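Q: Supplied in structure tokens, the structure appears directly below.
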Amino acid sequence: GQHLLEVENLHVEFRTRDGVAKVINGVSYHVDAGETLAVLGESGSGKSVTAQTIMGILDTPPGFVTGGAIRFRGKDLLTMPKDERRLVRGEGISMVFQDALSALNPVFTVGFQIAELFRKRRGMSRADGRKRAIELLDQVKIPAAATRINDYPHQFSGGMRQRVMIAMSLALDPEILIADEPTTALDVTVQAQIMDLLAEIRRERNMGMILITHDLGVVADVADRIAVMYAGRIVEQADVHSLYAKPCHPYTMALLDSLPRLDLKGQELNTIKGLPPNLLRIPSGCAFHPRCRMARDICSAERPALIQLGDRASACHFAEELVGRE
Ligand code: SF4
Ligand code: MG
């Protein structure tokens, strides 16, 4: 059937002075109302660029969509007239960015910024817009919302500012919320609070959520499904429990090994050796092969396809063995 949001075989490249960087190389995923898809990967894996392409904000650096479709309620955003697409932004799909300080306008109070959104997009009066702004700040649990709407973004702590950002992203009642590393800039306690808030809001509003992160530790309690990205492709996709219980791609296995464990406090982390690939020169065959502990000759020669094995998918030449193991 049709999904609420469907990314299909998306290809994006950046044409730079040094050459063409293949940033997204055939990504497909979907999200429905009431579920959270986590998109996991190191920086440069293409997870943010996919989100920016969905939002239609892929303008800097010089990014080009070279193939695929992004369907929202069955309509392709990539071929939709600009006016129509602008309406989808905010109302259909909305985004929370990592850096709330640079996403908010520093010279206006947060109340004014939210009220403006209601005035422009909903034709509300300033007074009504302010009322709605207070309600929204209240919903994201900002204490004393009625006075805090008169504050400027820099007057909020990092965590409170991220709540403001979330409030703004909810203003037009989106059906899908994309959160791109929403807690990366925050300390651990505040991170957990923001993740709880996002989960609660997602539940209450029955939204679909795409949670983009490099941190596998953040998503366990919140996500339903996980798509793991590497070099612009999805290398593994599974529901969150199966993925943690039995990762079936060597990259996911390495990511899980690198998680800090409470029972091993003080010990050094198992970081994945080597660097993420240079997207101007993606390694042949399986892009992960230079870093993979399981790599064999076939890995640099042939690119493994993402194959479906039961209710999960893995792009490794040894996927079947990995799925079949005890
Ligand atoms: Fe490793 Fe080969 Fe599987 Fe790639 S295809 S993840 S290099 S074993
Ligand atoms: Mg990013």
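Q: Residue by residue through segment 38-58, note down the ones that are within 16 Å of ligand 2 (Cβ to nearest atom) and part of a loop (DSSP other than H, G, I, E, B).
A: Of segment 38-58, the ones within 16 Å of ligand 2 (Cβ to nearest atom) are 38-55, 57-58.
Answer for segment 38-58, where residues must be within 16 Å of ligand 2 (Cβ to nearest atom) and part of a loop (DSSP other than H, G, I, E, B): GLY41, GLU42, SER43, GLY44, SER45, GLY46, ILE57, LEU58.
Q: Tell me whether segment 135-152 contains one or more residues that are of a type in the set (Gly, Ala, Ser), assigned to a helix (DSSP H, G or I) and under 19 Å from SER94 (Cβ atoms).
A: Taking segment 135-152 and keeping what is of a type in the set (Gly, Ala, Ser), we get 144-146.
Restricting the remaining residues to those that are assigned to a helix (DSSP H, G or I) gives 145-146.
From the residues that got through so far, the ones that are under 19 Å from SER94 (Cβ atoms) too are none.
Scanning segment 135-152, I find no residue that is of a type in the set (Gly, Ala, Ser), assigned to a helix (DSSP H, G or I) and under 19 Å from SER94 (Cβ atoms), so the answer is no.
Q: Please go through segment 269-315 and pick out each residue that is near ligand 1 (Cβ under 10 Å from one of its atoms), in contact with a Cys (Cβ under 7 Å, 6 or more places away or on another chain) and touching a residue at least 24 places away in the same chain (Cβ under 8 Å).
A: Once the filter is applied, which keeps residues that are near ligand 1 (Cβ under 10 Å from one of its atoms), in contact with a Cys (Cβ under 7 Å, 6 or more places away or on another chain) and touching a residue at least 24 places away in the same chain (Cβ under 8 Å), segment 269-315 yields CYS286, CYS292, SER314.
Q: Now for a different question. Consider GLY44 carefully, then state whether it is in contact with a Pro (Cβ under 8 Å, 6 or more places away or on another chain), modelled with pLDDT under 95 and within 27 Å of HIS249 (Cβ to Cβ).
A: Values: in contact with a Pro (Cβ under 8 Å, 6 or more places away or on another chain): yes; modelled with pLDDT under 95: yes; within 27 Å of HIS249 (Cβ to Cβ): yes.
It is true that GLY44 is in contact with a Pro (Cβ under 8 Å, 6 or more places away or on another chain), modelled with pLDDT under 95 and within 27 Å of HIS249 (Cβ to Cβ).
Q: A further question follows. Can you pull out the residues in segment 196-230 that are more than 17 Å from SER94 (Cα to Cα) and away from ligand 2 (no atom under 16 Å from the Cβ)?
A: ASP196, GLY217, ALA220, ASP221, VAL222, ALA223, ASP224, ARG225, ILE226
Q: I want to confirm something. Restricting to segment 137-160 and keeping residues that are without any contact (Cβ under 8 Å) to a residue 40 or more places away in the chain and charged (D, E, K, R), which single residue is farthest from GLN113 (Cα to Cα)?
A: The initial filter retains those residues of segment 137-160 that are without any contact (Cβ under 8 Å) to a residue 40 or more places away in the chain, namely 137-138, 142-148, 155, 157, 159-160.
Narrowing further to those that are charged (D, E, K, R): 138, 148.
Working: ASP138: 16, ARG148: 13 Å.
Out of the qualifying residues, it is ASP138.
Q: When segment 184-197 is examined, which residues are found to be under 20 Å from ASP138 (Cα atoms) and touching a residue at least 24 places away in the same chain (Cβ under 8 Å)? Reasoning before the result, please.
A: Step one: filter segment 184-197 for residues under 20 Å from ASP138 (Cα atoms), giving 190-197.
Residues satisfying the conditions are VAL190, GLN191, GLN193, ILE194, MET195, LEU197.
Q: Would you check which residues across segment 64-104 are under 17 Å from LEU4 (Cβ atoms), β-branched (Val, Ile, Thr) and without any contact (Cβ under 8 Å) to a residue 40 or more places away in the chain and list them?
A: VAL88, the sole residue that qualifies.
Q: For segment 64-75, give me each residue that is over 15 Å from VAL12 (Cβ atoms) and either among the small types (Gly, Ala, Ser) or assigned to a strand (DSSP E or B) (or both). Even if it seems obvious, please write down each step before you answer.
A: First, the residues of segment 64-75 that are over 15 Å from VAL12 (Cβ atoms): 71-75.
ARG71, PHE72, GLY74, LYS75, listed by residue number.
Q: If you scan segment 211-236, which residues turn out to be part of a strand (DSSP E or B) and under 16 Å from CYS286 (Cβ atoms)?
A: Within segment 211-236, VAL228, MET229, TYR230, ARG233, ILE234, VAL235, GLU236 qualify.
Q: In addition: Every residue in segment 216-241 that is at positive phi and under 15 Å from the mean Cα position of the chain (by Cα), please. Before the answer, list the steps.
A: Step one: of segment 216-241, the residues at positive phi are 231-232.
Across segment 216-241, the qualifying residue is only GLY232.
Q: Is at least one residue of segment 2-10 buried (at least 22 other Cβ atoms within 10 Å of the Cβ), away from ligand 2 (no atom under 16 Å from the Cβ), of a type outside the set (Val, Ile, Thr) and under 27 Å from GLU204 (Cβ atoms)?
A: Yes: one or more hits.
Q: Take the residues in segment 316-326 that are more than 7 Å from ligand 1 (Cβ to nearest atom) and farther than 16 Å from ALA227 by Cβ, then tell me which one is surrounded by the fewest Cβ atoms within 10 Å (Cβ to Cβ).
A: The initial filter retains those residues of segment 316-326 that are more than 7 Å from ligand 1 (Cβ to nearest atom), namely 319-326.
Right, trim to farther than 16 Å from ALA227 by Cβ and you get 320-326.
On the way: GLU320: 13, GLU321: 11, LEU322: 19, VAL323: 19, GLY324: 10, ARG325: 9, GLU326: 3.
This residue is GLU326.
Q: ALA295 is checked against (1) more than 27 Å from GLY68 (Cα to Cα); (2) among the small types (Gly, Ala, Ser); (3) at pLDDT below 95 and fails just one. What number does that condition carry?
A: Status for ALA295: all satisfied but (3).
Q: For residues that are in contact with an Asp or Glu (Cβ under 7 Å, 6 or more places away or on another chain) and closer than 30 Å to ALA319 by Cα, scanning just segment 191-237, find the one that is modelled with the lowest pLDDT.
A: If we take residues in segment 191-237 being in contact with an Asp or Glu (Cβ under 7 Å, 6 or more places away or on another chain) and closer than 30 Å to ALA319 by Cα, then HIS214 is modelled with the lowest pLDDT.
Q: Please enumerate the residues belonging to segment 219-245 that are under 20 Å from LEU170 (Cβ atoms) and crowded, with 20+ Cβ neighbours inside 10 Å.
A: ALA223
The values are calculated or read from the model by the stated rules, or taken from the named source; none is laboratory data. Just so it is clear, the structure is predicted and the values come from calculations on it, not from any experiment. Here Cβ is always computed from backbone atoms with ideal geometry, including for glycine, and neighbour counts include all displayed protein chains.
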